[in-house]
Amino acid sequence: MYIFLDKINSFIWSNGTVAIILMVGVMYTIKLKGIQFRIIPYLIKSHKCSEKTGGISQKKTVAMSLGTAMGTGNITGVASALAIGGAGSIFWMWVSAFTGMAVVYAENYLSSAYSSGSVKGPMAYISKGIGSRLLAAFFAVMCIGACFGMGGMVQINSMCDSVRSCIPLQPVITAVILFMIILSITSGGAKRIGSIAQFLLPFAAVSYTLMCLYILFIKCHAIPAAFGSIFSSAFGLRQAAGGLSGFTVSKALTTGIRRGIFSNEAGLGSSPILHSAANSNDVELQGMWSMLEVFFDTMICCTLTAIVLLCAAPDMSVNSAFSGVLGDRADIFIAAELSVFAFCTVIGWYYCGETAFIYISGGSHKMFFCIAYSAIASAGALLKAEAVWTISDIFNGLMAFPNLLALILLSGKVKTNKTSSGSQ
């Protein structure tokens, strides 16, 4: 069964898919005149915007969206990318993040422009913008599958693997406990999810960043070599003499792009769903905040993880990297960080799945979906990692196709105003 799933995954995530994602990112980068470089000035100067009733605050929206992106992919996903694609995969992860920032701007701009009532995110701009309810329904179904896989089972699976090294709980007991916790939070909707993410995420993100910086301070002599290996491996310079350059670059590129997307979710369509919960009517503000989230998620957090592993872990093991500083307490620290990141992702992705489910069901049976999601996500504690990751990659790819098509067809609708571009 796993071999069959792996073949499907390889077909969906072919070089053609990677090329389309990069093409859309480059297209919007050019169209929006390098908008990635204007995030900070815009957010500093941004004025108070009009609000809509029924939404959540901008801070809670950002916390929920960033929490959804900053899952276990920032730690275990980066380690996996290094193991599969080598150091060069990190360079292509940066590329996917840079171009992806322009993509999430476009996603959120279109979502804010077209969303209304129960039709939000890509479902709104696919059904209203390009006039295809069928394609919007397909996206919604794939979004539900992705929320169960990448948003739920993968996060719980990675979290439990780490927690078991500290607390020897039986998988079934762990699954039951997680089911009750997830259900108690997701049943409260976007406001409760945003409040929990706003409470948990800042402390976990700051503590993880500081610990990585401390390790790099100790291993500062190895940092130049780490960056050198990233660039040389990305273009196959080190392997060229052996005739393996083409294969190495291809593996690094596809692995880096896929893991970059898994981490920051640019192009998947999850970010505009989450930002549709905000009480702001400013279409550009949502786009700018979403870009900052991708930057912090991949360019900061994932990069710190990668450099720490390259400098302090010859075996590319997260535990090895942190145990050099924390000793036996490394397992506890990693388990705590993974738990918070994973949990924020789980509850945030619930909102994505719920929004897609509402679009398909017309708003009925929300509690049924809440219970089903809590149960399926918790089942990640019982499953093998290989199958869970593969299924998640499949739904990610299928979710991206209709969203990317809409972004291409609606590119003429995406603009920047005078505040961010300096000219109209």
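Please report, to two decimal places, log10 I(q)/I(0) for the chain at q = 0.06, 0.11 Å⁻¹ as given by the Debye formula with identical point scatterers on the Cα atoms and no solvent. Treating every Cα as an identical point scatterer, log10 I(q)/I(0) equals -0.22, -0.78. Its alpha carbons give segment 274-385 an Rg and a Dmax of 18.7, 53 Å. Dipole magnitude for the chain: about 1020 debye, using +1 per Lys or Arg Cβ and -1 per Asp or Glu Cβ, origin at the Cα centre. Largest mean-square fluctuation among 58, 286, 155, in a Gaussian network model of the chain whose springs join Cα atoms under 10 Å apart, belongs to 58. Database remark: amide H of residue 278 closer than 5 angstrom to the amide H of 56 (H placed geometrically; neighbours at sequence offset of 5 or more, or on other chains; Pro and chain starts carry no H). Other residues with beta-carbon under 11 Å from the beta-carbon of residue 110 carry, at +1 per Lys or Arg and -1 per Asp or Glu, a net charge of +2. A helix-only calculation puts the chain at -23000 deg cm²/dmol for mean residue ellipticity at 222 nm, using -39500 (n - 2.57) for each DSSP H run of at least four residues, averaged over all residues.
Which of the pairs 33/120; 59/128; 59/191; 120/366 have their Cα atoms more than 18 Å apart in this structure?
33/120; 59/128
Aspartates and glutamates near residue 60 by alpha-carbon distance under 18 Å, same-chain residues fewer than 8 away left out - which ones? Within the straight-line limit of under 18 Å, residue 60 reaches these aspartates and glutamates: 51, 282, 284, 293, 297, 354. Summarised in one figure, the compactness ratio Rg/Rh of segment 345-402, Cα atoms and Kirkwood Rh, is 1.00. Short-range pairs are left out: with C-alpha atoms under 8 Å and at least six residues apart, the relative contact order of segment 1-141 is 23 percent. Around the amide H of residue 187, modelled in the peptide plane, lies no amide H under 5 Å away from a residue 5 or more places distant or on another chain.
Give me the percent relative contact order of the chain, please, defined on Cα pairs under 8 angstrom at least 6 residues apart. Computed over the chain, the figure is 40 percent.
None of the figures in this text is laboratory data; all of them are computed from the coordinates on show. All of these numbers come straight from a predicted model, not from anything done at the bench. Glycine also receives a Cβ, built like all others from the backbone with ideal geometry; neighbour counts cover every protein chain displayed.
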